[in-house]
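Notes to accompany the following structure.
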Amino acid sequence: MTPGDVLETQRYAVTRADLVRYAVASGDDNPIHQDESVAQSVGLPGVIAHGMFTMALAARAVAQWTGGAQVVELGCKFTNPVVVPAEGGVTITVGGTVKSAEEGLVALALEVTCDGQKVLGMPKAVVRA
C-alpha cells in the first residue's frame with residue numbers, strides 16, 4: 001500500500017435481522033434499534049443501526065483491504081443515523097484511501113456512506129504493515 005492508493009469500495013447489506021443479531025452479540029438492546037414506534041418517539045426517522053455496528057463494517061473493510069493486518073487505531077464520529085427499513089434493508093458503502101505508510105504503519109482515510117450520505121465523520125484506521 002502506497003500513499004494515494006484508492007482502495008476497492010466495499011458494500012455491506014444491513015437488515016433489521018442484522019440489528020437483532022448485533023443487539024444479542026453486543027448486549028445493546030436499546031429499542032431504537034428494533035422498534036419503529038420507540039425510535040420515532042425519540043425523534044428518529046425510524047429504526048437505526050447501532051453506531052458501533054456501522055463502525056464494525058468499516059473495520060471489516062479494513063480487514064478485507066489489508067488481509068487482516070493488526071489494527072492499531074480505529075476511530076470516527078457518529079454523525080448521521082443509518083435508518084434500516086422493516087422490509088429489505090440498506091447498503092453501507094465503505095471507501096478508503098491510503099494516507100501514509102511509514103515506520104511499519106499504514107494510515108487509511110475512510111468514507112462510510114448510506115444512500116450517498118456520510119454516516120461516520122472523520123473515520124480512519126491505522127494498521128501494522
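The values are calculated or read from the model by the stated rules, or taken from the named source; none is laboratory data. Given the structure is predicted, the values throughout are model-derived calculations rather than measurements. Positions of Cβ are generated from backbone atoms using ideal geometry, with glycine treated the same way; all protein chains shown enter the neighbour counts.
Which of the residues belonging to segment 78-107 are of a type in the set (D, E, K, R) and either touching a strand residue (DSSP E or B) at 6+ places or on another chain (Cβ under 7 Å) or surrounded by 14 or more Cβ atoms within 10 Å (Cβ to Cβ) (or both)?
The answer is Lys99, and nothing else.
If the Cβ limit is 9 Å and pairs must be 6+ apart or interchain, which residue in segment 118-129 that is in contact (Cβ under 8 Å) with a residue 24 or more places away in the chain and more than 18 Å from Trp65 (Cβ to Cβ) pairs with which residue that is of a type in the set (A, V, I, L, M, F, W, C) and in a loop (DSSP other than H, G, I, E, B)?
Val119/Ala49; Val119/Val82
Just need a number here: residues in segment 118-129 that are loosely packed, with under 15 Cβ neighbours inside 10 Å, at pLDDT 95 or above and over 15 Å from Thr9 (Cα atoms).
Adding up the residues that qualify gives 3.
Consider Ala107 carefully, then state whether it is hydrophobic (A, V, I, L, M, F, W, C) and more than 23 Å from His50 (Cβ to Cβ).
yes
Out of all the residues in segment 33-49, which are touching a residue at least 12 places away in the same chain (Cβ under 8 Å) and either touching a Cys at 6+ places or on another chain (Cβ under 8 Å) or surrounded by 18 or more Cβ atoms within 10 Å (Cβ to Cβ) (or both)?
Within segment 33-49, His33, Val47, Ile48, Ala49 meet the criteria.
With the requirement that a residue be under 12 Å from Gly89 (Cβ atoms), in contact (Cβ under 8 Å) with a residue 24 or more places away in the chain and either surrounded by fewer than 17 Cβ atoms within 10 Å (Cβ to Cβ) or hydrophobic (A, V, I, L, M, F, W, C) (or both), what does segment 11-30 give you?
Answer for segment 11-30, where residues must be under 12 Å from Gly89 (Cβ atoms), in contact (Cβ under 8 Å) with a residue 24 or more places away in the chain and either surrounded by fewer than 17 Cβ atoms within 10 Å (Cβ to Cβ) or hydrophobic (A, V, I, L, M, F, W, C) (or both): Arg11, Ala13, Val14, Thr15, Leu19.
Name the residue that is farthest from Gly104 (Cα to Cα), counting only residues in segment 29-88 that are of a type in the set (Ser, Thr, Tyr) and within 16 Å of the chain's Cα centre (by Cα).
Thr79
Restricting to segment 69-93, what's the tally of residues that are within 13 Å of Phe53 (Cα to Cα) and touching a helix residue (DSSP H, G or I) at 6+ places or on another chain (Cβ under 7 Å)?
Counting residues in segment 69-93 that are within 13 Å of Phe53 (Cα to Cα) and touching a helix residue (DSSP H, G or I) at 6+ places or on another chain (Cβ under 7 Å) gives 5.
Looking only at residues that are closer than 22 Å to Glu111 by Cβ and among the small types (Gly, Ala, Ser) in segment 3-28, which one is nearest to the chain's Cα centre (by Cα)?
In this case the residue turns out to be Ala13.
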